[in-house]
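Here is the structure we will look at, set down as structure tokens.
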Amino acid sequence: MQDDPFSEARHAAGAFSCDDKAAVYRAIETRRDVRNEFESHPLPDDLVTRLLAAAHAAPSVGFMQPWNFTLIRDHAMREAAWQAFARADEEAALLFEDDRQSLYRSLKLEGIRTAPLSICVTCDPTRGGTVVLGRTHNPRMDVYSTVCAIQNLWLAARAEGVGVGWVSIFHDADIRRILGIPDHIEIVAWLCLGYVTELYREPELAVKGWAKRLPLEDLVFHDQWGRR
């Protein structure tokens, strides 16, 4: 058998075994945005800690670690957040017309009420000081870093058999008021977490006819924009 010329480089980089690689790709490919399939019983505290540790292990611009995670278990707090969502959801529905509006209304976005845990993920743009390595020419890098933390949490949750839903339909001021978030802190995501009754084999919006996955080859350019 011919020697693999790249084996030494892969060893130096700590390449995973075949089984471990398969598990990573499986987590990526089967991650789903859960909307209405949550079970009500709580997640164990040690599991939640593992998910938060996975999020906190994310890379960040200038190693500023700009994230905070506000855990919301209180029923009244979650109900207040759901009411804020419901008002914004009705506004969103009216932006669509005819069949599209009917399909939108058929999507059951109930995670805030049904999931036992919500996590509001925020970004503190002041944490790294006035000048942050890597953020000097793109001030949004701190938010991108926070999204990396969210993806870490999501993939860890998938591996643990925990469903996650990202709620983005709300007015920022409503969530800021409910949680007492300071003005300079940016709200990045409201996540719903819990065990689930099922996971869709494909993304729910694809299954229900909202959109289809685009072919990868249509999205890849070489050396210049538009060059395939």
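None of the figures in this text is laboratory data; all of them are computed from the coordinates on show. What you see is a predicted model, and the numbers here were worked out from it, not measured in a lab. Quick reminder, even Gly has a Cβ in these numbers, built from the backbone with ideal geometry, and neighbours come from all protein chains shown.
Under the rule a/c < 1.5 gives rounded, and otherwise a/b versus b/c splits prolate from oblate, where does the stretch 60-154 land using the Cα gyration tensor?
Prolate is the answer for the stretch 60-154, as a/c is 1.5 or above and a/b outweighs b/c.
Look at the alpha carbon pairs under 8 Å that are at least 6 residues apart: their mean separation over the length of the stretch 33-210 gives a relative contact order of 39 percent. Candidate values (1) 7, 30, 27, 17, 13, 5, 0; (2) 7, 31, 32, 18, 9, 2, 0; (3) 7, 24, 32, 25, 9, 2, 0 were compared with P(r) over Cα pairs in 10 Å bins from 0, in percent computed on the shown model; the agreeing label is (3). The three principal axes of the Cα atoms in the stretch 1-102 give end-to-end lengths of 63, 38, 34 Å, sorted in falling order.
Which is farthest toward the positive dipole end of the chain among 152, 192, 61, measuring Cα position about the Cα centre, with Cβ charges +1 (Lys, Arg) and -1 (Asp, Glu)? Sorting the options by dipole projection puts first 61. Take every DSSP beta bridge whose two residues both sit in the chain; close to 95 percent of them are antiparallel. Charge dipole of the stretch 1-134 (Cα centre as origin; +1 on each Lys and Arg Cβ, -1 on each Asp and Glu Cβ, all else neutral): 260 debye, rounded to the nearest 20. Considering helices alone, the calculated mean residue ellipticity of the chain at 222 nm is -12500 deg cm²/dmol, with DSSP H runs of length four and up weighted by -39500 (n - 2.57) and normalised per residue. With 10 Å bins beginning at zero, the pair-distance distribution over Cα atoms of the stretch 116-215 amounts to 12, 34, 34, 17, 3 %. Listed by chain and number, the lysines whose C-alpha is less than 23 Å from the C-alpha of residue 108, apart from same-chain residues fewer than 8 away, are 208, 212.
For the peptides 15-23, 107-115, residues were scored by their other Cβ atoms within 10 Å and the scores averaged per peptide; the highest-first order is 107-115, 15-23. For the listed peptides 214-227, 46-59, a ranking on the average number of other beta carbons within 10 Å per residue, highest first, reads 46-59, 214-227.
Put a plus charge on the Cβ of each Lys and Arg, a minus charge on the Cβ of each Asp and Glu, and nothing anywhere else: the dipole of the stretch 8-77 about its Cα centre is then about 180 debye.
Which value, in debye to the nearest 20, describes the size of the charge dipole of the stretch 33-210 about its Cα centre when Lys and Arg Cβ atoms bear +1, Asp and Glu Cβ atoms bear -1, and nothing else is charged?
That gives a dipole near 360 debye.
Which residue, chosen from 94, 129, 112, occupies the Cα position most advanced towards the positive end of the dipole of the stretch 67-144, where the dipole is computed from +1 (Lys, Arg) and -1 (Asp, Glu) charges on Cβ about the Cα centre? Positive-most Cα among the choices belongs to 129.
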